[in-house]
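These notes are about the structure you will find just below.
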Amino acid sequence: MPALVVAGNWKMNTTVPEATALAFGVKNGAAAVTGVELVLCPPFVSLSAVKDAVAGSAVKVGAQNMHFQESGAYTGEVSPGMLRGLCDYVILGHSERRQMFGETDESVNSKIKAGQAVGLKPILCVGETLEQREQGKAADVISGQVRAGLDGVTDTSGLIIAYEPIWAIGTGQAATPETAAEIMGGPIFETLRSLFSAAADSISLLYGGSMNASNAGEYAAQDCIHGGLVGGAALQADQFLQVAAAVASAKG
Ligand code: 13P
């Protein structure tokens, strides 16, 4: 089975002091959750503080985005080399970045390669809109995003795919575990298999979209779901830890 991972995407929330406190809260309860990799993804400005806060624990840190160039005249951007040493993971292709900040499959692909080149583990996000789902296009959209995002990628170690249906993000309207599994065990896994053969079997697949302590276990009960990418419920340490505990117990 692939590694179990529960990652918290804090999005544009938490000041540096708030992020530090949240990270300490997670660290303090982390030892009680075994068998699940916990990843905290704060805003860029808090990466260093969160890294320091979780030092000495198994809790890992991730960024929420990154540019693919190493340096240059890209005002406001952060490069792979700048993240190296500050974090282990980087979320790439989140639907909020695709919808609001012009992220494309091509730029996501460049970022995945650039991240891997400096040893960062990419969490590639894919997801369909409600309109695409209603038109029966979800499977095609998702397999297209996976294929394009991973074009030319050969290294699957540390690669994670997060399925986040856009209509389920921040809405309280989570996809049912069966709907999530249909996509994750279907087009996502099949596309990974066609790209990477048996190595696909070791890639962790996370569900994201209104995941919380109450429903996390139901997702993890699905064979093809290996954890979650959690937004709102990751902003409180106890809730985030409960999500991870639910995943651990469903898989245990
Ligand atoms: P919510 O858990 O708030 O729905 O957000 C999910 C998400 O977008 C994580 O990346």
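The values are calculated or read from the model by the stated rules, or taken from the named source; none is laboratory data. The shown structure was predicted, so the numbers you read here are calculated from the model rather than taken from an experiment. Positions of Cβ are generated from backbone atoms using ideal geometry, with glycine treated the same way; all protein chains shown enter the neighbour counts.
Residues in the stretch 196-215 that are more than 10 Å from residue 177 (Cβ to Cβ) and in contact with a helix residue (DSSP H, G or I) (Cβ under 7 Å, 6 or more places away or on another chain): 200, 203, 205, 209, 210, 211, 212, 213. Examine the stretch 63-84 for a residue that is surrounded by 14 or more Cβ atoms within 10 Å (Cβ to Cβ), of a type in the set (Gly, Ala, Ser), at pLDDT 95 or above and more than 23 Å from residue 111 (Cβ to Cβ), and state whether such a residue exists. No, the stretch 63-84 contains no residue that is surrounded by 14 or more Cβ atoms within 10 Å (Cβ to Cβ), of a type in the set (Gly, Ala, Ser), at pLDDT 95 or above and more than 23 Å from residue 111 (Cβ to Cβ). For the stretch 153-181, the candidate set comprises residues that are among the β-branched types (Val, Ile, Thr) and more than 12 Å from residue 126 (Cβ to Cβ); within that set, the residue that is surrounded by the most Cβ atoms within 10 Å (Cβ to Cβ) is 169. Checking each residue in the stretch 108-152 for being of a type in the set (Val, Ile, Thr), surrounded by fewer than 21 Cβ atoms within 10 Å (Cβ to Cβ) and closer than 13 Å to residue 68 by Cβ picks out only 118. How many of the residues in the stretch 207-252 are touching a Leu at 6+ places or on another chain (Cβ under 6 Å) and near the ligand (Cβ under 9 Å from one of its atoms)? Going through the stretch 207-252 one residue at a time, the tally reaches 3.
What are the residues in the stretch 115-137 that are under 17 Å from the mean Cα position of the chain (by Cα), more than 16 Å from the ligand (Cβ to nearest atom) and at negative phi, if any? Of everything in the stretch 115-137, those that are under 17 Å from the mean Cα position of the chain (by Cα), more than 16 Å from the ligand (Cβ to nearest atom) and at negative phi turn out to be 115, 116, 120. So, restricting to strands (runs of 3 or more DSSP E) that lie completely within the stretch 1-114, which ones have at least 2 residues that are in contact (Cβ under 8 Å) with a residue 60 or more places away in the chain and of a type in the set (Val, Ile, Thr)? Answer list for the stretch 1-114: 5-9.
Out of the residues in the stretch 95-107 meeting the condition of being over 15 Å from the mean Cα position of the chain (by Cα) and polar (S, T, N, Q), tell me which one is surrounded by the fewest Cβ atoms within 10 Å (Cβ to Cβ). Walk me through it before giving the result.
If we filter the stretch 95-107 for residues that are over 15 Å from the mean Cα position of the chain (by Cα), which is where we start, we get 99-107.
Now restrict to residues that are polar (S, T, N, Q): 99, 104, 107.
Details: 99: 11, 104: 13, 107: 18.
Result: 99.
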